[in-house]
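Inspection log for the structure reproduced underneath, given as structure tokens.
Please treat every number below as a calculation from the coordinates, not as lab data. Please read these numbers as outputs of a predicted model, since none were measured by experiment. Counting neighbours? That spans all protein chains shown, and the Cβs are built from the backbone with ideal geometry, glycine included.
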Amino acid sequence: MTWIWSNLDLLWDRTLDHLVLSVPPIILGFLIAVPLGWLANRYRAGRGVILTASGLLYAIPSLPLFFVIPAIVGTSLRSPLNLVIALTIYGIALMVRVVADGLASVDTDVRQSAVAVGYSGWSIFWQVELPLAGPVLLAGLRVVAVSTVSLATVGAVIGAQSLGSLFTDGFQRGIQAEIIAGIVLTVALALLLDGALVVLGRLLLPWTRPATTSRRALRAAQLGEVSA
Amino acid sequence: MNLFGDALNWILDPANYAGPGGIPVRLVEHLVFTVVTVLMASLVAIPVGFLIGHTGRGRSLAVAASGGLRAIPTLGLLTLVALWVGIGLSAPFVALTVLAIPPILAGAYAGFEAIDRSIIDSARSVGMSESQIVRTVEVPLGMPLLIAGIRSATLQVVATATLAAYVADIGLGRFLFAGLKTRDYAEMLGGSLLVILLALVLEGIFALGQRLVIPRGVASGRPPVDRARSARPDPGMEPAITKGTH
């Protein structure tokens, strides 16, 4: 405990580092996954390819991916950018299926009604499909947020500073309190982002109680059905 | 892509195939470690999951526990256990078994829950005992989701076993950390490619295996997700997700 009190500054800095590493991938992954998921849902041919590809991407272990990315992108091995790219890839891999499932869950009758009252394809997507798929997307995004925060710690072994640095440092110096503090902070950060998403969901999707409608997508993500 | 060329040369270099630190030995270590860990986790998770799935009790506890475990960073658990029990095999073994339990548990009970309630009621009404219902109805029908759970646990363990090399002298991850230490990028990248290949091969095997264990009749390969609600009503849970059957 004394270690923690005397190192509050360090803990705070690492928490901030961790936020900087893990928030962009969550947002980027979502933004990229939406059009891909839409394609997968809209075109039968695209569906198999996109979902298989995202399943395979998701199957790639994180640590090796951190090593492979510099060779592809040309970044240096120690660059935090590698981590951001890798985490974004996982975010996309998880979300694409969720987006496709969410869009597919929109009732055909609803879609046809929208066509009947004169919506164009573009506005059906923005004003009908996307909001109705909202709860499913939110559920998927929550899973992505939690797993991204947790995965980001792995980068510490190749030198990307984050809450994970507390693990490597604590391990090398034999300070249990440091590792425990790191675990607690990582979980707390994950819960914080999760809570923020729930609040965001309440604001953006006021017509629904987000937590209840999203079981299917949550479960799918939990079971790793992404790769199914 | 000179870097990949170097990595490929590293993978193909016969010198890396000899001795206790060679690629074949590391590969076997990695695989055995993964299989043993997943088996141990299954021994704990499957019976408990079946119990939860059959009785419907303790579900929320299981969900909360799996959710909480998902948020726990693997590296943290690994290094913490390593500090407790010392450097060696037991730390990664304990840490990874703990990590492999939630997906298998979730697969086991979700498999049972995904079964249409009327099927189980029919089984009961023709006089099957509870244990018969579990063995001949629920287990086979719940198999696809259970296998999906084991699959995701296996993938997670294969991936994390790489990280285990940080605290123990085991598996393909050694090449990553050894290369990192000596700044030998060919070795790191070669090792990484091997792990990725292994993960993808296992993924492929599971994709095939999943088809084989699914009983005929559940042929589509996917369980009837979110069946018509049943015995344990969750008010207001089904709309928006249930796919329209048009």
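Would you compute, from DSSP H runs of 4+ residues alone, the mean residue ellipticity of chain B at 222 nm, taking -39500 (n - 2.57) per run and dividing by the full residue count, rounded to the nearest 500?
That comes out to -23000 deg cm²/dmol.
Taking the alpha-carbon set of the range A:101-164, what are its Rg and Dmax in Å?
Expressed in Å, the Cα Rg and Dmax of the range A:101-164 come to 18.7, 57.
Please give the calculated 222 nm ellipticity per residue for chain A, where each DSSP H segment of at least 4 residues contributes -39500 (n - 2.57) and the sum is spread over every residue; nearest 500 deg cm²/dmol? Intermediate results must be reported in sequence, preceding the final value.
Values: 12 runs with 180 residues, N = 228.
Value at 222 nm, helices only, nearest 500: -26000 deg cm²/dmol.
Give the relative contact order (percent, whole number) for chain A; include only Cα pairs under 8 Å separated by 6+ residues.
Working: 292 pairs, mean separation 64.2, N = 228.
Relative contact order for chain A comes out at 28 percent.
Tell me which chymotrypsin sites (Phe, Trp or Tyr not before Pro) from the range A:1-103 have a DSSP coil assignment and no more than 16 other beta carbons within 10 Å of their own. Don't skip to the end; give the middle numbers.
Values: sites: A:TRP3, A:TRP5, A:TRP12, A:PHE30, A:TRP38, A:TYR43, A:TYR58, A:PHE66, A:PHE67, A:TYR90; in loops: A:TYR43.
Loop-located and lightly packed - A:TYR43.
Taking the range A:51-123, which trypsin sites (Lys or Arg not before Pro) meet the DSSP loop condition and have no more than 16 other C-beta atoms within 10 Å?
Working: sites: A:ARG78, A:ARG97, A:ARG111; in loops: A:ARG78.
Passing both the DSSP loop test and the Cβ count: A:ARG78.
What Kirkwood radius, in Å to one decimal, follows from the Cα pairs of the range B:1-153? Could you put the intermediate results ahead of the total?
Details: mean 1/r = 0.0551 Å⁻¹.
So the Kirkwood estimate lands at 18.2 Å.
Loop sites only, by DSSP: take the trypsin sites (Lys or Arg not before Pro) in chain B that have at most 10 other C-beta atoms within 10 Å and name the longest stretch containing none of them. It would help to have the intermediate numbers written out before the result.
Working: sites that count: B:ARG183, B:ARG216.
It works out to B:1-182.
Is there a quick way to get the dipole size of the range B:113-161? I mean about its Cα centre, with the Cβ of Lys and Arg at +1 and of Asp and Glu at -1; what is the value in debye to the nearest 20?
Numbers: 4 positive and 5 negative charges, 29 e Å.
I would put it at about 140 debye.
Compute the signed sum of charges (Lys and Arg +1, Asp and Glu -1) over the other residues within less than 14 Å, Cβ to Cβ, of B:PRO24. Mind showing how you got there, number by number?
Numbers: positive: B:ARG26, B:ARG174; negative: B:ASP13, B:GLU29.
So the environment of B:PRO24 carries a net charge of 0.
Find how many whole Å separate the alpha carbon centroid of the range B:19-59 from the alpha carbon centroid of the range A:59-87.
Taking the Cα centre of the range B:19-59 as reference, the centre of the range A:59-87 is 28 Å away.
Do you know the relative contact order of chain B, to the nearest whole percent, from alpha carbon pairs under 8 angstrom that are 6+ apart?
Values: 310 pairs, mean separation 62.0, N = 246.
Relative contact order comes out at 25 percent.
For the range A:2-227, with the dipole built from +1 on Lys and Arg beta-carbon atoms and -1 on Asp and Glu ones, taken about the Cα centre, which of A:VAL128, A:ALA152, A:LEU204 lies farthest toward the positive end?
So the residue we want is A:VAL128.
Which is farthest toward the positive dipole end of the range A:2-227 among A:LEU19, A:ALA116, A:TRP5, measuring Cα position about the Cα centre, with Cβ charges +1 (Lys, Arg) and -1 (Asp, Glu)?
Most positive-ward Cα: A:ALA116.
What is the sum of charges around B:SER129, taking Lys and Arg as +1, Asp and Glu as -1, for the other residues whose C-beta is under 13 Å from the C-beta of B:SER129?
0
Hey, got the average number of other protein chain Cβ atoms within 10 angstrom for residues in A:70-81? Working shown, then result.
Details: counts 4, 11, 3, 0, 1, 0, 0, 5, 0, 0, 0, 0.
Mean partner-chain Cβ count within 10 Å for A:70-81: 2.
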